[in-house]
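The values are calculated or read from the model by the stated rules, or taken from the named source; none is laboratory data. None of the values given here were measured: they were computed from a predicted structure. Backbone-built Cβ (ideal geometry, glycine too); neighbour counts: all protein chains shown. Note: accessible area is taken over every heavy atom of the protein model, side chains too, but ligands, DNA and RNA are not part of it. Shrake-Rupley method; radii C 1.70, N 1.55, O 1.52, S 1.80 Å.
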Amino acid sequence: MTEEQKNKGQKQKEQKTPEEQQKKNNAASEHTNSGKKAKKSKQQRENEKEKEALKEKLAELNDKHLRLFSEFDNFRKRSLKEKIQLTETASEEVLVALLPVLDDFERAINSMDEANVEEKFKEGVMLIFNKFITVLNQRGLKPMKTIGEEFNTDYHEAVTEIPAPSGDMQGKVVDEIEKGYMLNGKVIRYAKVIVGKKS
């Protein structure tokens, strides 16, 4: 056998049929695909972990946002309420200072009834008094109704107790020494009263 024949035989061995070549290619691609699948599954696991971490972070940030929003909303409501209360009671000090003047005015009107005062003078004083009362009422000042009412420590200050003039006046206000006043529903001066004793 010559050298040429040997080489030819070896080449024929090396040359494979198309079926054998296909099998070889399939085996190589399967090996490559399994490597890729392993890489992909590892990549997918990492992506899923990252997604979970991002979801947790999103939930945490969303919760923080909601808490901050509700805190701000509560602050805004509280500030608004405080402003409303401030405007309603801003004049409280001035009105409390005017109450003794109002008391003196009422005493002067009552003494004019007893004294011999001209009717025109009396009418002028009453006009001024009514205008004064109207202005105070517009500012939210209201006198308390006391005589005949059940004694209530939330509104009344008992100066003394006397025997009740009748059975239905027991535990009730018999007389008023000093008027009580409320400003927009808040007591700014308690009524000083005399209470009928319960027998």
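Some observations on this one:
- Going through (1) open to solvent by 80 Å² or more (accessible area, probe 1.4 Å); (2) not in a helix (DSSP H, G or I) one by one, Val117 falls short only on (1).
- In summary, Asp73 fulfils each of the numbered conditions (1) modelled with pLDDT of 70 or more; (2) not in a helix (DSSP H, G or I) with the single exception of condition (2).
- Test: Val195 is in contact with a Phe, Trp or Tyr (Cβ under 6 Å, 6 or more places away or on another chain) and over 18 Å from Val94 (Cβ atoms): yes
- Only residues that are outside any helix (DSSP H, G or I) and either over 36 Å from the mean Cα position of the chain (by Cα) or at pLDDT 85 or above (or both) were counted in the stretch 79-114, giving 0.
- Tally of residues being open to solvent by less than 90 Å² (accessible area, probe 1.4 Å) and within 19 Å of Asn184 (Cα to Cα) across the stretch 141-151: 4
- Leading residue by the ranking (farthest from Glu88 (Cα to Cα)) among those in the stretch 132-145 that are part of a loop (DSSP other than H, G, I, E, B) and at pLDDT 90 or above: Lys145
- Scanning the stretch 163-199 for residues that are within 16 Å of Pro100 (Cβ to Cβ) and either polar (S, T, N, Q) or open to solvent by 60 Å² or more (accessible area, probe 1.4 Å) (or both) yields Ile177, Lys179, Tyr190, Lys192.
- Listed by first and then second residue, the pairs linking a residue in the stretch 76-94 that is under 12 Å from Leu141 (Cα atoms) to a residue that is open to solvent by 100 Å² or more (accessible area, probe 1.4 Å), with Cβ atoms under 7 Å apart and 6 or more places separating them unless they lie on different chains, are Ser91/Arg139.
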